[in-house]
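The block underneath contains the structure these notes are about, expressed in structure tokens.
What follows draws every value from the coordinates through simple rules; no lab data is involved. No experiment lies behind these values; they were computed from the predicted model shown. Using ideal geometry, Cβ is built from the backbone for each residue, glycine included, and neighbour counts are taken over all protein chains shown.
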Amino acid sequence: MTRKYFYGLLGMLVLGAATFSGCKKQIDAAYLNPNATVRVPIEQILPGLIGNLTGSSSAAGSAYGTANDGIQIGRYVQFWGQNTGANQFDQMGGATGTSDVLGSVWAMYYYGHGENVNKMILWGIEEKKWDYVGVGLALRAWGMLVNTNMYGPMILREAFRPEQLVFNYEDQPEVYDSVRSICRQAIGYLNLKGDGVSRDNLAKGDAFFYNGDTEKWKKFVYAVMARSFNHLNNKAEYQPDSVLFYCNLSINVNADNATAKFANTGITGTSNFYGPLRNNVGGLRQSDFIANLMNGTNPLFTGVPDPRALYLLRSNPSNTLTGTRVGNGATGLPVAIQPQNFWGGLFSSLAAPTVDTAARYIFKNGAPFPIITASEIQFMKAEAHYYKRNKAAAIAAYREGISLNFDLLLSDYNSNVPVANQITPANKAAYLANPRVVPTPDAFSLSHIMLQKYIALYGHCPIETWTDMRRYHYIDPDPEFPAQQVYAGFVPPSPAALFINNNQKYVYRARPRFNSEYLYNVVTLNKFGAFALDYHTVEMWFSRK
């Protein structure tokens with residue numbers, strides 16, 4: 001696949017026949033592409049862009065989005081691991097050889113969104129549909145931030161130029177500035193009224209996200225802004241007040257959550273990427289880290305079982321909560337304590353069931369897939385308040401983040417949870433009243449915030465969780481309680497167990513997509529050492545102190 005093909009193909013699919021100069025214009029006019037019109041309504045472009053938030057499905061390239069790469073990133077942060085043997089991503093390895101694994105977000109940004117976002121913005125301006133323009137800019141800013149946090153340097157100034165075959169990259173400081181600039185533009189357009197702005201018309205393209213509600217889209221944009229400031233706690237320019245400012249403008253109730261939804265018509269492209277119909281997570285099993293966080297054996301929450309446990313996780317034949325040591329498969333796990341797979345089958349079973357009646361949470365075919373939630377926003381607020389040394393405010397936001405996550409699970413993911421294990425007002429209140437969960441200010445730590453945020457983002461936000469873990473270098477000590485890690489109980493693979501190419505270092509980035517960058521952008525990639533076998537272990541700007 002050439003670079004020109006990579007950047008231009010989806011635009012061609014949207015536009016139909018390509019436009020040429022001179023006499024070819026006459027040929028195009030006489031012989032229009034029978035498969036697509038030259039220009040389509042922007043209302044028909046937006047649904048595909050929403051699909052790319054998780055995992056797209058198209059004839060020219062499927063599975064581009066966060067959910068596909070999230071399968072591997074989820075191994076890095078120990079959401080899950082393979083049920084057999086040592087997978088190289090369980091070992092914090094990166095993509096090798098000609099593999100495009102971990103290239104889905106790159107393809108999502110430059111291909112799935114790419115020229116489609118550009119055309120929706122361009123045509124939206126021409127048609128004075130300012131709401132569509134604002135949504136396009138919102139998606140561009142979100143995708144840019146996700147992309148740079150996966151790969152670091154990215155094509156910024158020269159992006160989306162189909163006449164070029166090779167491209168220069170810009171590093172993260174400029175990308176972060178661009179994200180914020182685009183967010184501000186998005187808010188400007190989303191604030192416009194009149195002309196072609198119409199909630200009913202926006203809902204035609206936005207049926208599976210915010211259903212045409214521009215006020216919620218603005219909150220989504222502010223959430224992207226908040227993330228961009230929250231990620232920089234290790235930098236001299238870190239501004240906790242900016243985090244708080246944008247959090248307060250953002251998603252603060254579950255009704256405003258940014259959530260991808262699915263028609264679930266029985267066709268794979270209309271269903272959740274992690275459901276059995278799409279059959280993408282048959283080999284994944286919950287980790288012992290998340291199991292211990294919720295069964296009461298994590299060192300920070302010792303003796304406090306979490307009422308949310310069986311909303312997120314699976315029990316084992318002994319009806320207890322256990323998980324695999326990521327990288328070890330079933331080793332050390334007798335059959336009696338091997339957890340079910342995420343669809344309710346045996347630990348050893350890879351087969352997807354024909355129905356999802358035993359599945360739960362985001363592993364059902366039609367389950368909504370959160371992108372950014374009110375709970376996440378509260379944990380960002382808690383972290384910012386913590387750095388401002390305002391523990392009372394930090395605890396209030398922290399507690400609200402837990403509460404909102406409970407409520408989300410109860411409202412959206414109550415299906416197939418055993419009655420005896422369901423959330424009730426009583427067990428929720430008891431959990432929040434437990435001093436090991438919500439301690440006094442003297443005992444409250446950064447670890448509390450990050451571990452509860454980990455739980456609230458479990459499964460649906462592996463890339464954001466990886467960003468958090470890299471900010472704390474996986475095993476950084478808690479600043480107030482240095483005898484414990486920020487991520488208390490998290491045990492990365494030992495140096496000897498890390499993937500051979502890591503040279504005993506942890507993973508910090510993915511390499512750009514092989515079948516575009518490594519075939520055609522060789523000179524550019526060599527400028528920053530991207531051909532080194534351990535390139536994926538090079539720490540990024542955003543997390544460096």
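Summary table below
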read-out	value
Relative packing of 179-187, 235-243, which averages over residues the other C-beta atoms within 10 Å, highest first	179-187, 235-243
Among 343-349, 213-219, 511-517, 137-143, the order from most to least packed when residues are scored by Cβ within 10 Å on average	137-143, 511-517, 213-219, 343-349
Size of electric dipole in the chain: Cβ of Lys, Arg +1 and of Asp, Glu -1, about Cα centre, debye, nearest 20	160
Sites matching GluC sites (Glu not before Pro) across region 102-134 that sit in DSSP coil, with at most 15 neighbouring C-beta atoms within 10 Å	E127
Peptide ranges 328-338, 292-302 listed from the most packed, as the mean C-beta count within 10 angstrom indicates	292-302, 328-338
Alpha carbon convex hull of region 356-439, projected area averaged over orientations, nm²	6.3
Relative contact order of the chain, pairs being alpha-carbon contacts under 8 Å that are 6 or more residues apart, as %	19
For q = 0.07, 0.08 Å⁻¹, Debye-computed log10 I/I(0) when each Cα of the chain counts as one equal scatterer	-0.38, -0.50
Equivalent ellipsoid semi-axes - Cα gyration tensor, region 134-288, angstrom	26, 24, 20
Nearest 10 degrees, 0 to 90: helix 462-471 Cα axis against the chain principal axis	70
Dipole of the chain, positive direction: furthest Cα of I455, H231, W541, with charges on the beta-carbon	W541
Isotropic mean projected area of the C-alpha convex hull, region 268-493 (nm²)	12.1
Nearest-ten-degree value, helix 240-249 long axis tilted from longest Cα axis of the chain	70
Dimensionless Rg ratio for region 289-394, taking C-alpha atoms and the 2.2 N^0.38 Å reference	1.33
Equivalent ellipsoid semi-axes, region 179-228, via Cα gyration tensor eigenvalues times 5, rooted, Å	20, 13, 7
